[in-house]
Amino acid sequence: MTYTGDVQVGGPADVRELPKLTIYKLAVGPYDNNAYLLRCAETGDGVLIDAAAEADRLLALVSDEPISAIVTTHRHGDHWQGLERVAKVTGAQVLAHPLDAPALPVPVDREVEHGDRIAVGVVSLEVIHLRGHTPGSIALLYDGGGTAQHLFTGDSLFPGGVGNTERDPERFERLYTDVVERLFDRLPDETWVYPGHGKDTTLGAERPSLPEWKARGW
């Protein structure tokens, strides 16, 4: 079946098969968060992005296969309600940016900074620090080669705009600038965006709206 990224709380995961990586997208309640499980096609190793909630469903998604890491994209509680249990059951390392790590309910095994790499078997994810939604918000980039870029943005970029900065002009300017310079200025339009809530998008679909976002200030 063709991947769409349209998932519902309580429904099945949507699955995207790439040559070297399989992506599972699952919606969990009560805040309609997206959790992503990435598995290396060669080794079977996995990484979970945002153990947001509904630990039982996340563990069912992981099944009996190994995951080496759980990455939390930022410190807001709706993105880590399932973290403690999933980490305990799987034994996976907990990863987060150092500026947000102290807010998590479990100790962080590895703090990751801008430009760091996170292994998923024989492939890796690049950490991109996007400041503004929270001080330590990160995105994760999987480079599949050429225009096959896959970007997991947490709550820093959605269809229709950047993440919530609570109408703080300094926070908005910081996040907007990071998103433009570290994502839009660098990556091709075909880059697929997997956000922390709701439907997916691409950088190409959002790029024409950048001036509008800047003008409105949110």
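Things to note:
- All of A60, A53, A101 fail the test of being in contact with a Phe, Trp or Tyr (Cβ under 8 Å, 6 or more places away or on another chain), over 30 Å from G146 (Cα atoms) and at pLDDT 95 or above, apart from A53.
- Looking across the stretch 22-41, the residues that are part of a strand (DSSP E or B) and within 14 Å of G198 (Cβ to Cβ) come down to K25, L26, A27, V28, N33, N34, A35, Y36.
- Members of the stretch 42-63 found to be surrounded by 21 or more Cβ atoms within 10 Å (Cβ to Cβ) and in a loop (DSSP other than H, G, I, E, B), listed by number: D50, A51, A52, A53, E54
- Residues being assigned to a helix (DSSP H, G or I), touching a Pro at 6+ places or on another chain (Cβ under 7 Å) and buried (at least 22 other Cβ atoms within 10 Å of the Cβ) are entirely absent from the stretch 87-105.
- Out of V15, V7, V71, V94, sole residue that is touching a Ser or Thr at 6+ places or on another chain (Cβ under 8 Å) and under 30 Å from T147 (Cβ atoms): V15
- Taken over the stretch 199-211, the criterion of being farther than 20 Å from D143 by Cα and either of a type in the set (S, T, Y) or in contact with a Gly (Cβ under 9 Å, 6 or more places away or on another chain) (or both) is satisfied by K199, S209.
Rundown of residues vs (1) under 21 Å from L37 (Cα atoms); (2) of a type in the set (F, W, Y), yes/no style:
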residue: I118; (1), (2): yes, no
residue: S124; (1), (2): yes, no
residue: V127; (1), (2): yes, no
residue: S137; (1), (2): yes, no
residue: G146; (1), (2): no, no
residue: G160; (1), (2): no, no
residue: G163; (1), (2): no, no
residue: Y194; (1), (2): yes, yes
residue: K214; (1), (2): no, no
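- For H150: the one exception among (1) in contact (Cβ under 8 Å) with a residue 60 or more places away in the chain; (2) assigned to a loop (DSSP other than H, G, I, E, B); (3) closer than 23 Å to D200 by Cβ; (4) not hydroxyl-bearing (S, T, Y): (2)
- Between E173, E113, the distinction of being of a type in the set (D, E), assigned to a loop (DSSP other than H, G, I, E, B) and at pLDDT 95 or above belongs to E113 only.
- Taking the listed residues P66, P19, the one that is surrounded by fewer than 16 Cβ atoms within 10 Å (Cβ to Cβ) and either within 15 Å of G196 (Cα to Cα) or free of Cβ contacts under 8 Å to residues at least 60 places away in the same chain (or both) is P66, with no other qualifying.
The values are calculated or read from the model by the stated rules, or taken from the named source; none is laboratory data. Bear in mind the structure is a predicted one, so any value in this text is a computation, not a measurement. Here the Cβ is made from the backbone with ideal geometry for all residues, glycine too, and neighbour counts use every protein chain on show.
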